[in-house]
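Take a look at the following structure, please.
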Amino acid sequence: MSTAQRRRDYSGPPVFSYGFRPFFLSAAVWATAAAPLWVWTFLGGPLAIDRNWHVHEMLFGVIAAVVAGFLTTAVPNWTGRMPVIGAPLAGLWLLWLAGRLAMLAPPAFAPWAAAIDSAFLVVFAGVIAREVLAGKNWRNLPICLLTGVLALANIGFHLDTALGLGGLGERVAIGAVTIMLALIGGRVTPSFTRNWLKARAIAVEPATFGVVDKAALVLTVAAMLLWIALPTAPPVGAVLVLAGLVHAVRLWRWRGWAARRDPLVAILHVGYGWLIPGLILLGLGVAGVIPASAGLHALTAGAMGVMVLAMMTRASRGHTGRPLQADRATVAIYLAANLATVLRVAAPLFPEAMAGLLGLAALLWGLAFGGFALVYGRMLVTPRPAKA
């Protein structure tokens, strides 16, 4: 039975007919709640959560859910193997949910909570590895490897909290997701741009994969590995800045300005573009020029947050049979996410205004992901519309 046939024969709850459905919706709901909760606590609220909880839930709660939704949907198409749907998908989602509940129960980083939370990414990484290897889909071995690294980073994060390893697990996770964005974003952004331009007979075309792309990927991997190992070494800052500059050249070669009239395409370039200030500002932070959190949030809220919203909106529309057209609500979601990132990056640079900037950034972040949940939630839990 083919992948497409199995999907057509599925008769269970629509929300478990594709991996993106439960994971994208859950990621949006959790992102809407988790970031404002942390900001409220940081500004003096009564909740018993700390920075470690905030970092963990953004990386291993929100981003991990989006990665799971994307890969459980994409990998069957890459490999030609059977998709994870129905009861197995529901079981995988329940593991994710159990992790979120465990991390909310005090103490969040107790051994039992760590074990429950770690189970999801370990199982998910195993599922992806099985599918990629069984399908002999060697091109996507790096993605398979990065999901395994993300699972290990989560375990490392829990050990780091217990043993004081200096933020190693956090850096490994940020490094793995950054490399994943450079790989996957480097495929889908020029590809979707090329398709859009070709459909409208626009002569401009994104550059094909070449030396610049290889240099950007190699430098990103090198910069992340060096930063993970030596997060305060000034020479590492120089490598990070160089990687950011090469990504700027790479992005320019994709001719995104030619597709600026289509928000679904343009947002991919904007999301990928956050890698540039993210890497450069992180490099300047390592060198001690600016606070380190500016670069970290340009990467996490910017490159990761904006790019996952770009992929979530596009995939949700395409896979549920809706037109690939961004309505006003979708454009508002994109604007809110980018404004939230600008304010969050700026906050540590203006200490006297930090409280206000953080509060407004949290509000806009909640509007972006909450807006996705409201606008796209119904698409994700209902059947695909019948063709006219």
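The values are calculated or read from the model by the stated rules, or taken from the named source; none is laboratory data. Not measured: the values here are computed from a predicted model. Positions of Cβ are generated from backbone atoms using ideal geometry, with glycine treated the same way; all protein chains shown enter the neighbour counts.
Name the residues in the stretch 337-388 that are polar (S, T, N, Q) and either more than 30 Å from Val15 (Cβ to Cβ) or within 17 Å of the chain's Cα centre (by Cα) (or both), would you? Give the steps one after another, and end with the answer.
Going residue by residue through the stretch 337-388, those that are polar (S, T, N, Q) are 338, 341, 382.
Within the stretch 337-388, Asn338, Thr341 meet the criteria.
Quick one: which residue in Arg378, Arg384 is in contact (Cβ under 8 Å) with a residue 24 or more places away in the chain, under 24 Å from Pro22 (Cβ atoms) and either among the polar types (S, T, N, Q) or loosely packed, with under 15 Cβ neighbours inside 10 Å (or both)? Before you say what the answer is, go through the steps one by one.
Values: Arg378 fails: in contact (Cβ under 8 Å) with a residue 24 or more places away in the chain.
Within the list Arg378, Arg384, the selection yields Arg384.
When you go through (1) at pLDDT 90 or above; (2) small (Gly, Ala, Ser); (3) surrounded by fewer than 16 Cβ atoms within 10 Å (Cβ to Cβ); (4) within 26 Å of Ala28 (Cβ to Cβ) one by one for Ala115, which number turns out not to apply?
(4)
From Phe120, Phe124, Phe109, grab the single residue that is within 24 Å of Ile228 (Cα to Cα) and within 16 Å of the chain's Cα centre (by Cα).
Values: Phe120 fails: within 16 Å of the chain's Cα centre (by Cα); Phe109 fails: within 16 Å of the chain's Cα centre (by Cα).
The unique qualifying residue is Phe124.
Something else now. Can you pull out the helices (runs of 4 or more DSSP H) entirely within the stretch 142-230 that have at least 2 residues that are surrounded by fewer than 16 Cβ atoms within 10 Å (Cβ to Cβ)?
Passing ranges, in order: 186-199, 211-229.
Out of Leu133, Leu141, Leu71, which single residue is more than 27 Å from Thr32 (Cβ to Cβ) and in contact with a helix residue (DSSP H, G or I) (Cβ under 7 Å, 6 or more places away or on another chain)?
That would be Leu141, the only listed residue that is more than 27 Å from Thr32 (Cβ to Cβ) and in contact with a helix residue (DSSP H, G or I) (Cβ under 7 Å, 6 or more places away or on another chain).
Here is a follow-up. Scan the stretch 18-33 for residues that are more than 16 Å from Val375 (Cβ to Cβ) and crowded, with 24+ Cβ neighbours inside 10 Å and jot them down.
Result: Tyr18, Gly19, Pro22, Phe23.
Among the numbered criteria (1) in contact (Cβ under 8 Å) with a residue 24 or more places away in the chain; (2) out of contact with any Lys or Arg (no Cβ under 6 Å at 6 or more places or on another chain); (3) within 17 Å of Leu145 (Cβ to Cβ), which one does Ile228 miss?
The number of the failed condition is (2).
Ala326 - would you say it is of a type in the set (A, V, I, L, M, F, W, C) and crowded, with 24+ Cβ neighbours inside 10 Å?
Against the criterion (of a type in the set (A, V, I, L, M, F, W, C) and crowded, with 24+ Cβ neighbours inside 10 Å), Ala326 does not qualify.
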